[in-house]
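K.L.:
Structure incoming, see below.
Here, each number is a calculation from the coordinates, and none is a lab measurement. Predicted, not measured: the structure shown is a model, and the values here were computed from it. Cβ placement follows ideal geometry from the backbone for every residue including glycine, while neighbour counts extend to all protein chains displayed.
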Amino acid sequence: MQEKFLFEYAVIRVMPRVEREEFINVGIILFCAKQKFLKTIFALNQNRISAFSADLDLDEIIENLSAFERISAGSAGSGSIGQYDMASRFRWLTATRSTVVQCSKVHPGLCQNAEETLLRLHHQLVL
């Protein structure tokens, strides 16, 4: 039997009017320390977002979601936060915010393959 590893994930949401607490799931961020894995993926259905709120700047939303990807990867252009260790980057990205792009509470689980789990969660919760 293959070993299972603890992972944590949060759903990334677009909440056009924070005071109404209505949101659309647009991405997943998943962290698995034992597999040294931290990754964000998102899919923005622009027609759905526009129908939900015509006032949103979609280019700004895409840039914010792309920043999640860059920081998760610790890649160039991720700023000082992108230089933190993986656990710190995950905690920073999933911290509670009152902004248009925000994360759900963090949920734990067990997985054998973090990448496959990320894709499965993305398919189940976003697409």
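K.L.:
For a footprinting-style exposure proxy, rank E115, E19 by other Cβ within 10 Å, fewest first.
P.N.:
Neighbour counts put them in this order, fewest first: E19, E115.
K.L.:
Provide the FRET efficiency to the nearest 0.05 for the Q124-D85 pair, computing r from the beta carbons and using R0 = 25 Å.
P.N.:
My answer for the efficiency is 0.30.
K.L.:
What is the sum of charges, Lys and Arg at +1 and Asp and Glu at -1, for the other residues whose Cβ falls under 13 Å from the Cβ of Q112?
P.N.:
0
K.L.:
Using only alpha carbon positions, build the gyration tensor of the stretch 5-125, then give the equivalent ellipsoid semi-axes as the square roots of 5 times its eigenvalues, largest first, whole angstrom.
P.N.:
The three semi-axes for the stretch 5-125 are 24, 16, 12 Å.
K.L.:
Between K4 and Q112, with labels modelled 7 Å along Cα→Cβ, what's the label distance in nm to one decimal, could you check?
P.N.:
1.1 nm
K.L.:
If contacts are Cα pairs under 8 angstrom and at least 6 residues apart, what is the relative contact order of the stretch 5-125 in percent?
P.N.:
36 percent
K.L.:
Provide T99, T117 in ascending order of the number of other Cβ atoms located within 10 Å of each residue's Cβ, fewest first.
P.N.:
Going from least to most buried by this count: T99, T117.
K.L.:
Counting Lys and Arg as +1 and Asp and Glu as -1, what is the net charge of the other residues whose Cβ lies under 12 Å from the Cβ of G79?
P.N.:
+2
K.L.:
Suppose the chain between W92 and R20 were pulled fully straight at 0.36 nm per residue; how much longer would it get relative to their current alpha carbon spacing?
P.N.:
23.5 nm
K.L.:
OK, next. For each of M86, M15, count neighbouring Cβ atoms within 10 Å of the residue's Cβ, then give the residues from fewest to most.
P.N.:
Going from sparsest to densest Cβ surroundings: M86, M15.
K.L.:
Based on DSSP H runs of at least 4 residues, each adding -39500 (n - 2.57), what is the mean residue ellipticity at 222 nm of the chain after dividing by all its residues, to the nearest 500 deg cm²/dmol?
P.N.:
For the chain, the value works out to -10000 deg cm²/dmol.
K.L.:
Which whole DSSP H helices in the chain pass both tests: a Cα extent of 15 Å or more along the axis and a mean Kyte-Doolittle value no lower than -0.5?
P.N.:
Answer set is 58-73, 114-125.
K.L.:
Taking 8 Å as the Cα distance limit and 6 or more residues as the minimum spacing, I'd like the relative contact order of the stretch 52-122 as a percentage.
P.N.:
17 percent
K.L.:
Additional query: Which net charge results for the neighbourhood of Q2, defined as the other residues with beta-carbon distances under 15 angstrom from its beta-carbon, given Lys and Arg at +1 and Asp and Glu at -1?
P.N.:
Surrounding charge for Q2 is -1.
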